[in-house]
1. Of the residues in the range 544-600, how many are within 30 Å of N701 (Cα to Cα) and either aromatic (F, W, Y) or part of a helix (DSSP H, G or I) (or both)?
2. So A133 ticks every box in (1) modelled with pLDDT of 90 or more; (2) more than 30 Å from G208 (Cα to Cα) but one. Which box is left unticked?
3. In the range 465-504, which residues are within 18 Å of A623 (Cβ to Cβ) and over 40 Å from the mean Cα position of the chain (by Cα)?
4. Being more than 20 Å from the chain's Cα centre (by Cα) and exposed (fewer than 12 other Cβ atoms within 10 Å of the Cβ) is the filter; apply it to the range 55-75 and report the residue that is farthest from K125 (Cα to Cα).
5. Let me confirm something: among G153, G121, which residue is assigned to a strand (DSSP E or B), in the same structural domain as R197 (by TED's automatic domain parsing) and either in contact with a His (Cβ under 9 Å, 6 or more places away or on another chain) or at pLDDT below 95 (or both)?
6. Give the residue that is farthest from I212 (Cα to Cα), with candidates limited to residues of the range 151-199 that are surrounded by fewer than 17 Cβ atoms within 10 Å (Cβ to Cβ) and either of a type in the set (G, A, S) or in contact with a helix residue (DSSP H, G or I) (Cβ under 6 Å, 6 or more places away or on another chain) (or both).
7. Based on what the data block shows, is T708 among the β-branched types (V, I, T) and under 23 Å from K758 (Cβ atoms)?
8. With respect to the numbered conditions (1) more than 27 Å from A397 (Cβ to Cβ); (2) not assigned by TED's automatic domain parsing to the domain that holds A255, which one is the sole condition not fulfilled by W84?
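The values are calculated or read from the model by the stated rules, or taken from the named source; none is laboratory data. This is a predicted model, so every value here is computed, not measured. Note that we place each Cβ from the backbone using ideal geometry, even for glycine, and neighbour counts take in every protein chain shown.
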Amino acid sequence: MNDLANSTMSDKAPPVRIDFNTPELQRKRRMRALKDRLTRWYVLVGGLAVLAAITLIFFYLAYVVLPLFQGAELTRKQALQPTWLQQDAGKPLLIALEEQNLVGLRVSDQGQALFFDSKTGAELKRVDLPVPAAAHVTSISADQPGSPLIVLGLSNGQALVFSHTYKVTYPDNKKTITPGIDFPYGETPFVLDSAGRALEHVNVNLNGESLILAGSHGSQLLVSQLTREENMMTGEVSSEQISIDLPQMTETVKAIYVDPRQQWLYVVNGRAQADVFSLRDKSLNGRYKLLEDGQAEITASTQLVGGISLIFGDSKGSLSQWFMARDPDGESRFKLIRSFQLGTAPVVQIDAEERRKGFIALDSAGQLGVFHSTAHRTLLVEPVADGAGILALSPRANRIIIEQGGKLLPLSLKNPHPEVSWSALWGKVWYENYEEPKYVWQSTASNTDFEPKLSLSPLTFGTLKAAFYAMILAAPLAIAAAIYTAYFMAPGMRRKVKPVIELMEAMPTVILGFFAGLFLAPYLEAHLPGVFSLFLLMPLGILLAGFGWSRLPESIRLRVPDGWEAAILLPVILFTGWLSLSMSPFLESWFFGGDMRLWISNDLGITYDQRNALVVGIAMGFAVIPNIYSIAEDAVFSVPRSLTLGSLALGATPWQTLTRVVILTASPGIFSALMIGMGRAVGETMIVLMATGNTPVMEMNLFEGMRTLAANVAVEMPESEVGGSHYRVLFLAALVLLMFTFVMNTLAELIRQRLRKKYSSL
């Protein structure tokens, strides 16, 4: 035995020793360590680069947007003391500047129009207006802002109409502006008062071929209409002056204004009263009290560009905007819209911009204010003179000249974005010709007196509305499909279903938008009863199919492998869809008189647009489903198998295990899937651009469209002026979208972390 053992031990091979320090293994370890370090740095640098890019985008958007909320800047230039001012130049009645800010016009009570160089004050041209020898100038007024037409009221009851023109030429490649005075209605004044009384106040308005002249003497109102007709054969022009008789007043007239459509005549009279007359009906619309304070009185007034709004200044430094708006009973009334405050001294002059709804005002203490009516914004209040004077604002609203104390005070005004304010962007604004304050986005129009409507509220509302209807469709389907695929479906079937659903994410959204706009929208309109019956019958059909399957004998049910039962629902879904859509014409005929769209519009009073929220919900829901499904399915499938088996082993049913263990454990991932899907829906552009009609309305109506922030930026950015207010507001819309996504994702991450911490012990 000992010999056998010894021989066995001697025959046993010595143990094999493995050398882990060979050059090859050392080289592999060094390569692995190098790859680990490179990967770690690559991920770190990539993550920091992403954060830096997002931060830079945020700061760039803020950099572009910030100038919107800066006020106006006023730069004083050296005062001018031209020689013609030291002579007997008469009392200034009106000062104006031409487009290039090179030539100024001064009209005096001596009946002279003097053109001067606005930079040096040098006299360029002097024109004696054809005022009759026995008369003198008693009043002056200009047509609405932007019109060169001016009317002089004379002491003999006549009115002289003229216009100032500026001809631009380039002799020897040098720009030359030649000012002049034209008399489009002849040099003979029009008779307004046949009694020959002085016209203390006048106004003029030209609308096409119709000219309205209005004047007053004391409380006597004098209005005439001049019409011109041209003979097409001979070219001869004939004119006719018609007197318009209006109810007379008892208070002394302070100012007269004619509506540019020649519908209303506004007469400021008494201390603080405005009478509004209808020129069409030749009747009094109403007498309106302009000030609540009985101690104050109206001291200055003007029309804004377009002539619809009037601005009144009073003896206590307040300014107010009024215009005609309809009451609930349908009658037009003169209404106070908004108020401003310049100071405490009386307002002596108000001058409106020619291209925007802004205006400037000067008080008796020499304090100048810059305002914008629509934005309800006071941009600047600054002292500029020693006392009251007469001022002129250039057509581009970037130059001001004040004549005061025998000298000219030139001022440079920088006011690039007055029409933007927080109230105009997010609050209800009462726009001209609107019956009440509203949220409106309308950035462009065909005329220059357009009032910009830049409210972001309809766009933000449309963004949330589109995302809401998309998530209503996508969230239940995607989450339910993810849970069923990960928990109940057989592995073989899951390997086929999941890639197909995830492949849907690769479809370009422009294709979905094209399909939704050109096919889905008209198809839904033509099959509305079938679509709504489909929403009702599809869940009912699936439930009935499941109930019927559970009642079949086990010998039949066991023939289907475990986890493959979902395949049985395919014919059920196809049959239910075919049945619902094929029944649509019959349902429409039985219940909706043959046209469900007309029934919705006429009987229910609901607006129906072909491209509406229903179309967007279906199309964008289809685009969002793969995102939510993929992330939620991974979260459910990643729940440890030990938790599921342990729950089943303790006697819980598969449904109890799903609802009380699996879903709770996977809830952070499911919540992240919903938030990512919501972010995708909020930022979607092409589908909502092509399938919504892009109407910026604030209605939750399923059958109305919307306009989203992303779609609005895509539509209007190519047409916006770089650096303009519209351009910067579009950047603000992008910033709002970015901040909304950032806040939503941050909250989602915080909630996800709380859910993970709460259910990590399961």
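1. Step one: filter the range 544-600 for residues within 30 Å of N701 (Cα to Cα), giving 573-574, 576-600.
Within this subset, residues satisfying the condition of being either aromatic (F, W, Y) or part of a helix (DSSP H, G or I) (or both) are 573-574, 576-582, 584-592, 596-600.
Within the range 544-600, residues that are within 30 Å of N701 (Cα to Cα) and either aromatic (F, W, Y) or part of a helix (DSSP H, G or I) (or both) number 23.
2. Checking A133 against (1) modelled with pLDDT of 90 or more; (2) more than 30 Å from G208 (Cα to Cα), the one that fails is (1).
3. Residues satisfying the conditions are K498, P499, V500.
4. Restricting attention to the range 55-75, the residues satisfying the condition of being more than 20 Å from the chain's Cα centre (by Cα) are 55-60, 71-75.
Cutting the leftovers down to exposed (fewer than 12 other Cβ atoms within 10 Å of the Cβ) gives us 55-56, 59, 75.
On the way: T55: 59, L56: 56, F59: 53, T75: 28 Å.
That would be T55.
5. Numbers: G121 fails: assigned to a strand (DSSP E or B).
Going through G153, G121 in turn, the sole match is G153.
6. For the range 151-199, the residue satisfying everything is G180.
7. Numbers: among the β-branched types (V, I, T): yes; under 23 Å from K758 (Cβ atoms): no.
When the stated conditions are applied, T708 does not pass them.
8. Evaluating W84 over (1) more than 27 Å from A397 (Cβ to Cβ); (2) not assigned by TED's automatic domain parsing to the domain that holds A255 leaves (1) as the failure.
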